[in-house]
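*Asks:* What follows is a single structure, and I will ask about it in a moment.
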Amino acid sequence: MAADLISKARAGDGDAFRQLTEPYRRELQVHCYRMLGSFQDAEDALQDTLLAAWQGFARFEGRASLRTWLYRIATNRCLNARRSASRRLAKEWDVPNVEPPEPTRLGEVVWLEPFPDALLEGVIDVPLGPEARYEQTESISLAFVTALQVLPPRQLVVVILRDVLGFHANEVADMLDSSVDSVKSALKRARGSLQHQRPTADDREPPPASGSPSEDVIVAKFVRAWESADLDALVALLTDDVFMSMPPMPFEYEGRDVVGRFCASIFRAGRRFDLVPTRANGQPAFGAYLRAPNGISHGIGLYVLTLTGDRICAMTRFENSVLPSFGLPRSLPSP
């Protein structure tokens, strides 16, 4: 059947090509997302990959598997995108009547966007190669994707293909038109950089399982605290080293005290919210809706929580432009 479809696709049969490539579509999208850190950029890179594969399918000789051939195209398209793209610029603080505390630092990865869990179905269950070192859920987390973004392009590619997807070194070398020694050298440097950027990751308690009663308890406490502007209850949920970021605004806060002061500045301005649950990057997330005097709540962003044990160790706030990707409305009607 596969050989028949390949013959038809080489002859220009679009339906045959779609049947061959559709099983890999979602995992290729996740691959592009890990490389680019932006959901929209990943969508564009995926479409570019499939178009290039269609246009070049007559040259597919079957020496490598179709999956490997598609990953080669996607990887190189993403490398081209990283070289040519004008990354989203950092944005000025724009929250009315809120004076935030001085940030701990200014973040680099202001183009980061969340990835909807609805599009991960089936992807994190794809069997990995024998070289993989990361669990699929960890390798799609916001912390991991952010750490990838600051790696040089060659190191980024090699660590994804080898340590995340488990391709052999010779397969990666072939994808990159490089040598095995060059791949091994880039991988060693990438691993060192990731360890330096995420020194506390291995020391933390693992998060509760997705959808477990333990996770539900933390999520419910957060929702109650945030919707009722209960600062004490919110701060009690945070780890000592909790981290908060809000791309494309570069402001980053680290530590319970300064994150607490940031949240206090939001609540003090009289801003009150309704939260609608969803999931992003394998993590609990919420569409955030600001209550207006007329009873309508307007979508102002998406919050993503990173959990450790029974605490929140990171909060990331994204703009409301990401809400449609999660099937969330721009506003909520009055109750």
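*Asks:* Would you confirm whether any residue within the stretch 73-94 is under 30 Å from V259 (Cβ atoms), within 24 Å of the chain's Cα centre (by Cα) and of a type in the set (A, V, I, L, M)?
*Replies:* Scanning the stretch 73-94, I find at least one residue that is under 30 Å from V259 (Cβ atoms), within 24 Å of the chain's Cα centre (by Cα) and of a type in the set (A, V, I, L, M), so the answer is yes.
*Asks:* What are the residue pairs meeting all of these: first residue in the stretch 304-322, first residue closer than 16 Å to T239 by Cβ, second residue surrounded by fewer than 17 Cβ atoms within 10 Å (Cβ to Cβ) and of a type in the set (K, R), Cβ atoms under 6 Å, and 6 or more apart or on different chains?
*Replies:* Pairs found: T308/R204.
*Asks:* Please work out if R88 is open to solvent by 50 Å² or more (accessible area, probe 1.4 Å) and in a helix (DSSP H, G or I).
*Replies:* No, not satisfied.
*Asks:* Given (1) at negative phi; (2) in contact with a helix residue (DSSP H, G or I) (Cβ under 7 Å, 6 or more places away or on another chain), where does M249 come up short, assuming only one miss?
*Replies:* Tallying (1) at negative phi; (2) in contact with a helix residue (DSSP H, G or I) (Cβ under 7 Å, 6 or more places away or on another chain), M249 fails exactly one: (2).
*Asks:* What are the residue pairs meeting all of these: first residue in the stretch 258-271, first residue within 18 Å of A292 (Cβ to Cβ), second residue among the small types (G, A, S) and not in a helix (DSSP H, G or I), Cβ atoms under 9 Å, and 6 or more apart or on different chains?
*Replies:* I266/A229; F267/A229; G270/A229; R271/A229
*Asks:* Among the numbered criteria (1) more than 20 Å from L119 (Cβ to Cβ); (2) modelled with pLDDT of 95 or more, which one does N294 miss?
*Replies:* (2)
*Asks:* Shifting gears a bit: Scanning for something surrounded by fewer than 21 Cβ atoms within 10 Å (Cβ to Cβ) and within 21 Å of G107 (Cα to Cα), does the stretch 321-335 turn up at least one residue?
*Replies:* Yes, the stretch 321-335 has at least one match.
*Asks:* Could I ask something else about it? Going by what's in this entry, would D241 be described as farther than 27 Å from S321 by Cβ and part of a helix (DSSP H, G or I)?
*Replies:* Working: farther than 27 Å from S321 by Cβ: yes; part of a helix (DSSP H, G or I): no.
In short, no.
*Asks:* Can you spot a residue in the stretch 296-303 that is open to solvent by 40 Å² or more (accessible area, probe 1.4 Å) and either hydrophobic (A, V, I, L, M, F, W, C) or more than 16 Å from the chain's Cα centre (by Cα) (or both)?
*Replies:* Checked the stretch 296-303: at least one residue is open to solvent by 40 Å² or more (accessible area, probe 1.4 Å) and either hydrophobic (A, V, I, L, M, F, W, C) or more than 16 Å from the chain's Cα centre (by Cα) (or both).
*Asks:* Identify, please: which residue in the stretch 3-40 is small (G, A, S) and open to solvent by 60 Å² or more (accessible area, probe 1.4 Å) and is, among those, farthest from Q136 (Cα to Cα)?
*Replies:* A11
*Asks:* While we're looking at this one, here's another question. For residues that are open to solvent by 80 Å² or more (accessible area, probe 1.4 Å) and part of a loop (DSSP other than H, G, I, E, B), tally how many sit in the stretch 174-203.
*Replies:* 1
*Asks:* Report the residue count in the stretch 1-29 for those that are farther than 19 Å from R77 by Cβ and of a type in the set (K, R).
*Replies:* 2
*Asks:* Quick check on the stretch 107-117. Is at least one of its residues touching a Ser or Thr at 6+ places or on another chain (Cβ under 8 Å), open to solvent by 20 Å² or more (accessible area, probe 1.4 Å) and assigned to a helix (DSSP H, G or I)?
*Replies:* The answer is yes, given that some residue of the stretch 107-117 is touching a Ser or Thr at 6+ places or on another chain (Cβ under 8 Å), open to solvent by 20 Å² or more (accessible area, probe 1.4 Å) and assigned to a helix (DSSP H, G or I).
*Asks:* Here is a further query. With respect to the numbered conditions (1) closer than 30 Å to R87 by Cα; (2) assigned to a loop (DSSP other than H, G, I, E, B), which one is the sole condition not fulfilled by G287?
*Replies:* Of everything listed in (1) closer than 30 Å to R87 by Cα; (2) assigned to a loop (DSSP other than H, G, I, E, B), G287 misses just condition (2).
*Asks:* Restricting the first residue to the stretch 69-85 and requiring it to be under 17 Å from L165 (Cα atoms), which pairs with a second residue that is among the basic types (K, R) and surrounded by fewer than 18 Cβ atoms within 10 Å (Cβ to Cβ) meet a Cβ separation below 9 Å and a spacing of at least six or different chains?
*Replies:* Matching pairs, first to second residue: W69/R63.
*Asks:* For the stretch 272-298, what are the residues that are among the β-branched types (V, I, T) and without any contact (Cβ under 8 Å) to a residue 60 or more places away in the chain?
*Replies:* If the condition is that a residue be among the β-branched types (V, I, T) and without any contact (Cβ under 8 Å) to a residue 60 or more places away in the chain, then V276, I296 are the ones that fit.
*Asks:* Looking at (1) within 22 Å of F144 (Cβ to Cβ); (2) in contact (Cβ under 8 Å) with a residue 40 or more places away in the chain; (3) open to solvent by 10 Å² or more (accessible area, probe 1.4 Å), which is the one condition that is false for E43?
*Replies:* Going through the list (1) within 22 Å of F144 (Cβ to Cβ); (2) in contact (Cβ under 8 Å) with a residue 40 or more places away in the chain; (3) open to solvent by 10 Å² or more (accessible area, probe 1.4 Å), E43 breaks only (2).
*Asks:* Looking only at residues in the stretch 158-202 that are basic (K, R) and over 20 Å from R77 (Cα atoms), which one is modelled with the lowest pLDDT?
*Replies:* Filtering first and then ranking leaves R198.
*Asks:* Provide a single number: the residues in the stretch 278-309 that are more than 19 Å from A229 (Cβ to Cβ) and out of contact with any strand residue (DSSP E or B) (no Cβ under 6 Å at 6 or more places or on another chain).
*Replies:* Residues that pass the stated criteria total 6.
*Asks:* Restricting the stretch 135-157 to residues that are within 23 Å of R77 (Cβ to Cβ) and assigned to a loop (DSSP other than H, G, I, E, B), which is farthest from the chain's Cα centre (by Cα)?
*Replies:* P152
The values are calculated or read from the model by the stated rules, or taken from the named source; none is laboratory data. Owing to the predicted nature of the structure, the values given are computational and were not obtained by experimental measurement. Cβ: placed from backbone, ideal geometry, glycine included. Neighbour counts: every protein chain shown. Note: areas computed on protein heavy atoms with side chains; ligands, DNA, RNA excluded. Shrake-Rupley method; radii C 1.70, N 1.55, O 1.52, S 1.80 Å.
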